[in-house]
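Before any comments, here is the structure.
The values are calculated or read from the model by the stated rules, or taken from the named source; none is laboratory data. Just so it is clear, the model here is predicted, and its values are computed rather than measured. FYI the Cβ positions are ideal-geometry reconstructions off the backbone, even for glycines, and counts take in every protein chain you see. Ligands, DNA and RNA are stripped out before the accessible areas are found, and what is left, the full protein with its side chains, is counted by its heavy atoms. Shrake-Rupley method; radii C 1.70, N 1.55, O 1.52, S 1.80 Å.
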Amino acid sequence: MSFNTFGQMFRVTTWGESHGPALGATVDGCPPAVRIDAAELQHWLDRRKPGQNRFTTQRQEPDQVKILSGTFEGLSTGTPIQLLIDNTDQRSKDYGDIAKSFRPGHADLTYHQKYGLRDYRGGGRSSARETAARVAAGGVARAALAVLAPEIRITGYMVQIGPHQIDRTRIDPAEIERNPFWCPDAQAAETWGAYLDDLRKTHNSVGAVVELVASGAPPGLGAPVYGKLDSDLAAAMMSINAVKAVEIGEGMAAAALTGSENADEIRMGPEGPVFLSNHAGGILGGISTGQDVVLRFAVKPTSSILTPRRTITSSGEEVDLITKGRHDPCVGIRAVPVGEAMMACVLLDHILRDRGQTAGIRGEIG
């Protein structure tokens, strides 16, 4: 199985399976002399790890990250950084019943069709457990961004669970860290809690929408045609387990706007161009404008549920299947820190690519 690496200048290769002894990431391309502290990386992993509240899987993994290479006296050396996270709470017996059956909504069938075999223990490589490695790598990217572009701030939060959306007039950034949903609307978070409690009692699950904002991103990141910042961001988000759609700025809603409504008008400010709106989500022609980079991605409902679903076995027999184990009623909750990590990796990659192509030189205006 190939294609386990993303990025060009800042490259991340993840490895490991859900029920293997460990998983991790090899990070190549981190600039030298960046302070890489395991405790700081752990901060990001702790935001993602399972079992922290009743709304996520009760698998108890400490997700303790170990730095095996690429640093000396706390600083990156410019060589590959190897990150390792032990798996400590596997319960492979939960998956014995599906060894020969394909779970609806999962990658079981497609993995079998492509490779002729699959790791049925928690989905193996297709498990969302793999995203722990991405979050660790994203911590390295954030450390490098703090040196190269300290003005960048990446913030993720949920804006919708099932049919329930936030009220944008009630957004309070301080609320994001105060509830288990990373929700900036305290009232919506309360509604979501009751909604998920009722949903779990019916052995069901639900999807969600996550929004990411990168403020302070400089203009000029990205390249025309095949190196667009938005296409790389979209690809990064679509690579996250269970993500089924990505939109930048207005996204699909732009189809309902007129040209005069959608085009972000520009005026001249004391420090350069000032946009009067941000329907483009901070990217034009694949290149960042200097505004907030805004994107959203939709996460499908968790496919593993305790409700019988019709499927087939590897021998072609039709059966009804209940997926046992410990699963998230809304996998979108833990997708927030994963999305933030992927955005950090993409932004750092583009900063390094831009430095190599233009050396940071920009066209003058005014």
What order, most packed first, do the peptides 182-192, 134-144, 301-311, 266-276 have when packing is the mean number of other Cβ atoms within 10 Å of each residue?
134-144, 182-192, 301-311, 266-276
Past the 30 angstrom mark, what percentage of all C-alpha to C-alpha distances in the chain do you count?
41
With every protein chain left in place, what is the accessible area per residue of region 161-294 in square angstrom, probe 1.4 Å?
52
Tilt, helix 229-238 to longest principal axis of the chain (alpha-carbon atoms), in degrees rounded to tens, equals 10
Accessible area, 1.4 Å probe, largest first: how do R129, R334 sort?
R334, R129
Once the dipole of region 263-336 is set up with Lys and Arg at +1 and Asp and Glu at -1 on Cβ about the Cα centre, which of L295, C330, S315 lies farthest towards its positive end?
S315
Once ligands and nucleic acids are excluded and a 1.4 Å probe is used, how much of R153 is accessible, expressed in Å² to the nearest 10?
140
Dividing the helical contributions, -39500 (n - 2.57) per DSSP H run of n ≥ 4, by the residues of the chain yields a 222 nm value, nearest 500 deg cm²/dmol, of -8000 deg cm²/dmol
Whichever lysines have a C-alpha closer than 17 Å to that of K244, once near sequence neighbours (fewer than 8 apart) are set aside:
K300
Which order do the peptides 256-264, 157-165 take when ranked by the mean count of other beta-carbon atoms within 10 Å per residue, highest first?
157-165, 256-264
The alpha-carbon pair-distance distribution computed for region 88-241, with 5 angstrom bins and whole-percent values, is 2, 7, 11, 13, 15, 17, 15, 11, 7, 3, 0
For F297, what accessible area in Å² do you get when you roll a 1.4 Å probe over the heavy atoms of the protein chains, rounding to the nearest 10?
0
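If you take the beta carbon distance between K100 and V274 as r and set R0 to 45 Å, what does 1/(1 + (r/R0)^6) give as a FRET efficiency, to the nearest 0.05?
Result of the calculation: an efficiency of 0.15.
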Inter-label distance for E151 and H203, nm, one decimal - labels placed 7 Å from Cα along Cα-to-Cβ
5.5
K100: which lysines have alpha carbons under 22 Å from its alpha carbon, excluding same-chain residues fewer than 8 sequence positions away?
K114, K324
Would you kindly derive the ³J(HN,Hα) couplings of region 304-313 from the backbone phi angles with the Karplus curve 6.51 cos²θ - 1.76 cosθ + 1.60 (θ = phi - 60°), listing them in order in whole Hz, with x for Gly and Pro?
7, 9, 8, 9, x, 10, 6, 7, 9, 9
Under the Karplus relation 6.51 cos²θ - 1.76 cosθ + 1.60, θ = phi - 60°, what is the ordered set of whole-Hz ³J(HN,Hα) values for region 107-120, x standing for Gly and Pro?
8, 3, 5, 5, 4, 5, 5, 7, 9, x, 7, 7, 8, 6
Principal axis lengths of region 298-366 from Cα atoms, whole Å, largest first?
68, 28, 22
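Please compute the length gained on full extension between V225 and K324, using 0.36 nm multiplied by the number of residues separating them and subtracting their Cα-Cα distance.
Contour length minus the Cα-Cα distance gives 31.1 nm.
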Output wanted: per-residue J couplings in Hz (rounded whole) for region 174-187, from phi through Karplus 6.51 cos²θ - 1.76 cosθ + 1.60, θ = phi - 60°, x for Gly and Pro.
5, 6, 4, 8, 9, 9, x, 9, 6, 9, x, 10, 4, 5
If each residue of separation counts as 0.36 nm, what is the full-extension length gain between T5 and L75 once their alpha-carbon separation is subtracted?
22.8 nm
Contour minus end-to-end for H112 and S260, with contour as 0.36 nm per residue of separation and end-to-end as the Cα-Cα distance?
48.3 nm
Nonlocal amide H pairs with L284, under 5 Å, H built at 1.01 Å:
T289
Could you compute how much accessible surface D28 exposes when probed at 1.4 Å, giving the result in Å² to the nearest 10?
70
So what's the gap between the Cα centers of region 294-366 and region 260-275, to the nearest angstrom?
33
Please work out the FRET efficiency for the pair R362 and A186, using the Cβ-Cβ distance as r and a Förster radius of 35 Å; give the result to the nearest 0.05.
0.30
So the angle from the long Cα axis of helix 332-358 to the longest Cα principal axis of the chain, reported in degrees to the nearest 10, equals 40
In degrees, nearest 10, range 0 to 90: what is the angle between the Cα axis of helix 131-148 and the longest Cα principal axis of the chain?
10
Taking one equal scatterer on every alpha-carbon of region 155-291, how large is log10 of I(q)/I(0) by Debye at q = 0.09, 0.15 1/Å?
-0.35, -0.90
